[in-house]
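The values are calculated or read from the model by the stated rules, or taken from the named source; none is laboratory data. It should be emphasised that the depicted structure is a prediction, and the values quoted were computed from it without experimental measurement. Here the Cβ is made from the backbone with ideal geometry for all residues, glycine too, and neighbour counts use every protein chain on show. Please note that ligands, DNA and RNA were not included when accessible areas were found on the heavy atoms of the full protein model with its side chains. Shrake-Rupley method; radii C 1.70, N 1.55, O 1.52, S 1.80 Å.
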Amino acid sequence: MHSNGQFLKDVAGFLGSYYTGLALMNAVAAYLLWRRSKQPALALAWTVFSAAMMILAGLALSGEERLVPKLPSAVTSLVNQLSGPVLYTLGTTALLTVLFVFRRFFVKPMVAWTILNGMLLLMGLSMADANFASIVMKPDNVPIVGLVFLLAFFTWVATKQAVVNDDRIAQGLPPMEKLDDEKVLVWPDLVYTELICMVAVSAFLLVWAIFLPAPLEEPASSVKTPNPSKAPWYFLGLQEMLVYFDPWYAGVVLPSLVIFGLMAMPYLDFNKKGNGYYSIAERKFSYLTFQFGFLELWITLIILGTFLRGPNWNFFGPFEYWSPYKVEVLNNVDLPQMFWVNLLDRPLPRAPQGSGTLAQIGYILLREAPGLLLLGAYLVILPPLLAVTVFRGFFAKMGFIRYMVMSNLMLLMLSLPLKMILRWTLNLKYLVSIPEFSLNF
Amino acid sequence: MAIGETIRNSQIWKSIFRHPMPLDRRNRIVVMLTNFFLHLHPVSIKKQGIALSFTWCMGGVTFFLFLVETVTGVLLMFYYRPTLEWAYNDILALRDVTSLGILRELHRWGAHAMVITTWLHMYRVFLTGSYKPPREFNWVIGVILLLLTLLLSFTGYLLPWDQLAIWAITVGSNMARATPFLGYEGPGQQLLTVGGIDMITDGSDARFGLLGARFVGEETLNRFYVLHCIAIPLAVALLLAIHFWRVRKDGGISGPL
Ligand code: HEM
């Protein structure tokens with residue numbers, strides 16, 4: 001780790017304006033609460049917060065080690081120690097679940113505003129950590145920080161309206177959107193909105209382009225491999241899946257399935273309700289499936305792959321130095337090994353010397369029988385089994401083909417979290433491992 | 001005032017805009033029907049369909065970013081040559097020598113932003129259930145647009161020809177090596193032999209088709225340049241035309257029945 005002193009001087013200007021921005025934002029909020037909503041007590045609270053941010057801005061501007069506000073090192077090292085792929089994945093899942101279950105509470109504007117400020121404050125405090133800042137402020141990573149905040153914001157916007165609509169529908173009223181179905185002329189109402197959007201986006205893009213130079217590293221060299229070597233950020237979820245699956249599945253089959261599954265979605269979702277308005281209660285199954293796939297299996301994996309995977313694709317805590325010398329012990333075992341050697345205490349079945357192709361294939365199948373049977377049961381037996389139990393209603397409504405496509409897509413999507421769990425609990429490397437045909441699963 | 005009046009009464013002005021200023025109801029309708037750019041829109045629309053809280057204007061913002069990328073991309077093409085000799089140096093010059101030195105920034109950040117807004121647009125379409133009948137097929141077109149947006153970004157990532165570029169593309173395209181049957185390290189490629197000759201080698205597999213070579217080299221740069229500047233943008237433009245047309249034909253922005 002390098003000296004913190006120079007680093008704090010370098011970021012002083014940025015942090016100072018960051019906290020000033022926070023202060024201004026809350027001053028405006030306080031003003032609106034006071035004048036518009038007539039809630040002086042709340043207005044006072046946010047004024048105090050705004051003043052506190054102004055003080056932090058001053059401290060940050062000093063660039064002095066003992067003044068710049070930051071997380072205590074006890075906290076950062078604890079976070080580093082605790083964090084790992086398991087806690088990260090379970091933690092984000094738990095967080096999303098809590099947000100979903102208690103959505104009525106979290107959509108309240110004051111609650112959401114408090115959380116937003118908490119997130120921004122935490123972000124500012126973390127920025128004073130050289131290791132954290134060096135990853136988050138990499139030019140190509142900045143958009144992902146933006147993505148996280150935008151997604152949080154728009155999920156809030158959508159959920160807020162869905163909660164209102166669900167209440168109205170429960171009372172037999174039409175959704176909010178229905179109240180606004182009087183027609184207006186596109187000129188000026190829509191055309192002007194579009195114009196304003198264009199101006200706003202242009203201004204935003206110009207500011208971004210002026211303040212953040214595009215990255216340009218050394219000229220390309222096919223002999224100097226950087227460590228870590230990362231794909232562009234939008235593919236890092238896929239790269240993260242390489243930890244659990246071979247490239248043919250993580251890099252080719254799964255992405256194709258994602259594309260295919262997205263295209264198939266309108267034809268699989270037979271629920272006629274919830275068309276053209278925000279709603280959760282009316283379409284819980286499709287809502288939860290999509291959110292799990294999008295937020296948990298796509299977005300959080302991208303965040304993990306971008307911010308927490310360092311040299312050799314090792315996991316690093318958010319405040320940890322990306323040392324290329326960090327070693328992680330890998331003692332993952334294949335299922336055939338577990339079954340034949342560890343459980344039955346016998347050598348792996350192997351074709352005798354000089355046997356024909358068929359015999360060899362036979363022995364491979366025997367060796368891989370445990371994994372193949374498990375997979376067969378998962379993909380072949382489970383769908384019909386579900387059709388007569390949990391998904392009975394679905395099966396009746398969807399018909400054979402649609403049901404089969406839906407259930408298989410579902411099971412294949414779940415193959416990722418299941419494989420993660422098997423890896424974490426049993427150190428399982430592959431269920432099926434046929435290097436003879438480059439087929440590992 | 002008088003000058004404005006004169007201009008608006010001139011033959012030139014009247015030949016361009018075939019109606020008076022859209023100040024009254026009649027002319028606000030006429031403007032939507034006679035202006036090429038505006039006729040993408042309907043004349044009138046349900047209030048709910050233009051509420052920012054409903055559409056987030058995300059499709060519109062994505063389209064606008066696509067236009068920004070087109071314009072800045074054309075300007076960048078004036079300065080950039082996709083060869084091993086020049087690619088990196090031209091990018092350096094763009095930063096150090098060219099006036100209006102934020103062209104590359106606008107294009108790069110615009111591209112990142114477009115990926116994000118495409119996702120957000122898809123997210124809102126999902127959350128409002130707008131993929132349901134009769135809009136199923138427009139969702140499918142959207143998914144293809146999403147894929148093409150990612151490919152646009154991916155092919156563009158290589159062009160600066162720095163370490164970041166070639167290694168990101170190397171990591172990304174290595175996956176193609178493992179394509180079942182068609183990649184030379186993929187499962188089942190052993191089965192594709194004709195008369196004992198292996199059909200799938202590192203010189204004939206899916207990755208080779210993508211890169212035009214066994215590794216990311218000059219052939220790849222040329223291939224990605226053509227894809228990035230011509231092939232994919234044309235495909236996107238065509239699909240966007242269909243996408244917008246379908247929004248209209250499927251009954252405008254979705255809403256409760
Ligand atoms: C290059 C990317 C895209 C552009 C420029 C684009 C543009 C637009 C625009 C301008 C609209 C009008 C309503 C709005 O702004 O929300 C729209 C509607 C729509 N888009 Fe896209 N889109 C893109 C990608 C997608 C994707 C990825 C999907 C879904 C996977 C999608 C599905 C739809 C659907 C179903 C509608 C109709 C929504 C409704 O009627 O409420 N589009 N698109």
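Test each condition in (1) within 16 Å of the ligand (Cβ to nearest atom); (2) modelled with pLDDT of 95 or more for B:PRO133 and report the one that comes out false.
Checking B:PRO133 against (1) within 16 Å of the ligand (Cβ to nearest atom); (2) modelled with pLDDT of 95 or more, the one that fails is (2).
Inspect region A:165-188 for any residue being part of a strand (DSSP E or B) and open to solvent by 70 Å² or more (accessible area, probe 1.4 Å) and give the result as yes or no.
Scanning region A:165-188, I find at least one residue that is part of a strand (DSSP E or B) and open to solvent by 70 Å² or more (accessible area, probe 1.4 Å), so the answer is yes.
Can you tell me which residue in region A:261-284 is farthest from the ligand (Cβ to nearest atom), limited to those that are among the aromatic types (Phe, Trp, Tyr) and open to solvent by 30 Å² or more (accessible area, probe 1.4 Å)?
Start the filter on region A:261-284 by keeping residues that are among the aromatic types (Phe, Trp, Tyr), which leaves A:267, A:270, A:277-278.
Subset that is open to solvent by 30 Å² or more (accessible area, probe 1.4 Å): A:267, A:270.
On the way: A:TYR267: 13, A:PHE270: 17 Å.
Out of the qualifying residues, it is A:PHE270.
What is the residue count in region B:120-130 for residues that are near the ligand (Cβ under 6 Å from one of its atoms) and of a type outside the set (Ser, Thr, Tyr)?
Looking only at that region, the number is 3.
Exactly one of (1) surrounded by 18 or more Cβ atoms within 10 Å (Cβ to Cβ); (2) in contact (Cβ under 8 Å) with a residue 60 or more places away in the chain; (3) assigned to a helix (DSSP H, G or I) is unmet by A:ASN312. Its number?
So A:ASN312 meets the others, but not (1).
Regarding B:GLY196, is this residue open to solvent by 30 Å² or more (accessible area, probe 1.4 Å), on the phi > 0 side of the Ramachandran plot and within 16 Å of the ligand (Cβ to nearest atom)?
Taking the combined requirement at face value, the residue does not satisfy it.
Can you tell me which of (1) in contact with a Pro (Cβ under 8 Å, 6 or more places away or on another chain); (2) loosely packed, with under 14 Cβ neighbours inside 10 Å is the one B:VAL74 doesn't meet?
(1)
Taking the stated definitions as given, is B:LEU75 in the same structural domain as B:ARG124 (by TED's automatic domain parsing) and in a helix (DSSP H, G or I)?
yes
Mind checking which pairs have a first residue in region A:346-368 that is open to solvent by less than 40 Å² (accessible area, probe 1.4 Å) and a second that is of a type in the set (Phe, Trp, Tyr), Cβ under 9 Å, 6 or more apart or different chains?
Sorted first by the residue in region A:346-368, then by its partner, the pairs are A:PRO349/A:TRP340; A:PRO349/A:TYR363; A:ALA351/A:TYR363; A:SER355/A:TYR363; A:ILE364/A:PHE437; A:ARG367/A:TRP340.
Within region B:79-91, does at least one residue satisfy the condition of being out of contact with any Ser or Thr (no Cβ under 9 Å at 6 or more places or on another chain), at the interface with chain A (Cβ under 7 Å from one of its Cβ atoms), open to solvent by 20 Å² or more (accessible area, probe 1.4 Å) and not hydrophobic (A, V, I, L, M, F, W, C)?
yes
Against the definition (open to solvent by less than 50 Å² (accessible area, probe 1.4 Å), within 16 Å of the ligand (Cβ to nearest atom), in a helix (DSSP H, G or I) and polar (S, T, N, Q)), how does B:THR117 come out, yes or no?
yes
Report the residue count in region B:17-72 for those that are outside any helix (DSSP H, G or I) and out of contact with any Phe, Trp or Tyr (no Cβ under 6 Å at 6 or more places or on another chain). Write out each step before concluding.
Of region B:17-72, the ones outside any helix (DSSP H, G or I) are B:17-24, B:35-37, B:41-46, B:51, B:56-57.
Checking the rest, the ones that are also out of contact with any Phe, Trp or Tyr (no Cβ under 6 Å at 6 or more places or on another chain) come to B:17-21, B:23-24, B:35-37, B:41-46, B:51, B:56-57.
Total satisfying the criteria: 19.
Restricting the search to region B:127-179, which residues are in a loop (DSSP other than H, G, I, E, B), at the interface with chain A (Cβ under 7 Å from one of its Cβ atoms) and either more than 17 Å from B:VAL216 (Cβ to Cβ) or in contact with a Lys or Arg (Cβ under 9 Å, 6 or more places away or on another chain) (or both)?
B:THR128, B:GLY129, B:SER130, B:TYR131, B:LYS132, B:PRO160, B:THR179, listed by residue number.
Give the residues of region B:190-208 that are out of contact with any helix residue (DSSP H, G or I) (no Cβ under 8 Å at 6 or more places or on another chain) and either at the interface with another protein chain (Cβ under 7 Å from one of its Cβ atoms) or at pLDDT 85 or above (or both), sorted by residue number.
The one that is out of contact with any helix residue (DSSP H, G or I) (no Cβ under 8 Å at 6 or more places or on another chain) and either at the interface with another protein chain (Cβ under 7 Å from one of its Cβ atoms) or at pLDDT 85 or above (or both): B:PHE208.
So for region B:101-110 (the condition being within 11 Å of the ligand (Cβ to nearest atom), under 20 Å from the mean Cα position of the chain (by Cα) and either modelled with pLDDT of 95 or more or surrounded by fewer than 20 Cβ atoms within 10 Å (Cβ to Cβ) (or both)), does at least one residue qualify?
No - not one qualifying residue is present in region B:101-110.
Just need a number here: residues in region A:227-239 that are in contact with a strand residue (DSSP E or B) (Cβ under 7 Å, 6 or more places away or on another chain) and assigned to a helix (DSSP H, G or I). Before you say what the answer is, go through the steps one by one.
Start the filter on region A:227-239 by keeping residues that are in contact with a strand residue (DSSP E or B) (Cβ under 7 Å, 6 or more places away or on another chain), which leaves A:228.
From what is left, the residues that are assigned to a helix (DSSP H, G or I) are none.
Selection size over region A:227-239: 0.
Here is a yes/no grid of residues against (1) within 30 Å of A:LYS160 (Cβ to Cβ); (2) outside any loop (DSSP other than H, G, I, E, B):
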site: A:ALA209; (1), (2): no, yes
site: A:THR225; (1), (2): no, no
site: A:VAL243; (1), (2): no, no
site: A:LEU257; (1), (2): no, yes
site: A:GLY276; (1), (2): yes, no
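Hey, among A:LEU122, A:LEU147, A:LEU96, which residue is open to solvent by 70 Å² or more (accessible area, probe 1.4 Å), at pLDDT 95 or above and part of a helix (DSSP H, G or I)? Let's see the steps before the verdict.
Values: A:LEU147 fails: open to solvent by 70 Å² or more (accessible area, probe 1.4 Å); A:LEU96 fails: open to solvent by 70 Å² or more (accessible area, probe 1.4 Å).
None of the other options fit; the residue is A:LEU122.
Got a sec? Which helices (runs of 4 or more DSSP H) wholly within region A:352-441 have at least 1 residues that are under 28 Å from A:PRO255 (Cβ atoms) and of a type in the set (S, T, N, Q)?
Hits in region A:352-441: A:400-426.
Determine which single condition B:THR70 fails, assuming it passes every other condition in (1) among the β-branched types (Val, Ile, Thr); (2) without any contact (Cβ under 8 Å) to a residue 12 or more places away in the chain; (3) more than 7 Å from chain A (Cβ to nearest Cβ).
(2)
Tell me whether region B:163-184 contains one or more residues that are within 15 Å of the ligand (Cβ to nearest atom) and without any contact (Cβ under 8 Å) to a residue 24 or more places away in the chain. Explain how you work it out, then say what you get.
Restricting attention to region B:163-184, the residues satisfying the condition of being within 15 Å of the ligand (Cβ to nearest atom) are none.
There is no residue in region B:163-184 that is within 15 Å of the ligand (Cβ to nearest atom) and without any contact (Cβ under 8 Å) to a residue 24 or more places away in the chain.
Among the residues in region B:33-56, are any among the hydrophobic types (A, V, I, L, M, F, W, C), more than 15 Å from the ligand (Cβ to nearest atom) and more than 7 Å from chain A (Cβ to nearest Cβ)? Can you show your working first?
Filtering region B:33-56 for residues among the hydrophobic types (A, V, I, L, M, F, W, C) gives B:33, B:36-38, B:40, B:43, B:45, B:50-52, B:54, B:56.
In the following step, the residues that additionally are more than 15 Å from the ligand (Cβ to nearest atom) were identified as B:33, B:36, B:43.
From what is left, the residues that are more than 7 Å from chain A (Cβ to nearest Cβ) are B:33, B:36.
Scanning region B:33-56 turns up at least one residue that is among the hydrophobic types (A, V, I, L, M, F, W, C), more than 15 Å from the ligand (Cβ to nearest atom) and more than 7 Å from chain A (Cβ to nearest Cβ).
Report the residue count in region B:145-155 for those that are more than 8 Å from the ligand (Cβ to nearest atom) and open to solvent by 10 Å² or more (accessible area, probe 1.4 Å). Before the answer, list the steps.
So in region B:145-155, the residues more than 8 Å from the ligand (Cβ to nearest atom) come out as B:147, B:150-155.
Then drop every residue that is not open to solvent by 10 Å² or more (accessible area, probe 1.4 Å), which leaves B:147, B:150-154.
Going through region B:145-155 one residue at a time, the tally reaches 6.
Check region B:218-239 and report whether any residue there is over 30 Å from B:THR72 (Cβ atoms) and open to solvent by 30 Å² or more (accessible area, probe 1.4 Å). Before the answer, list the steps.
Filtering region B:218-239 down to residues over 30 Å from B:THR72 (Cβ atoms) leaves none.
Checked region B:218-239: no residue is over 30 Å from B:THR72 (Cβ atoms) and open to solvent by 30 Å² or more (accessible area, probe 1.4 Å).
Scan (1) buried (at least 17 other Cβ atoms within 10 Å of the Cβ); (2) in contact with a helix residue (DSSP H, G or I) (Cβ under 9 Å, 6 or more places away or on another chain); (3) not in a loop (DSSP other than H, G, I, E, B) for the single condition A:TRP298 breaks and write down its number.
(1)
List pairs: first in region B:228-250 and within 17 Å of B:PRO133 (Cα to Cα), second within 8 Å of the ligand (Cβ to nearest atom) and open to solvent by 40 Å² or more (accessible area, probe 1.4 Å), Cβ under 8 Å, 6+ apart or cross-chain?
Matching pairs, first to second residue: B:VAL247/B:ILE253.
Those residues that are more than 30 Å from A:ASP181 (Cβ to Cβ), away from every other protein chain (no Cβ under 12 Å) and either over 18 Å from the mean Cα position of the chain (by Cα) or modelled with pLDDT under 95 (or both), I need them from region B:219-257; list them, please.
Across region B:219-257, the qualifying residues are B:GLU219, B:ASN222.
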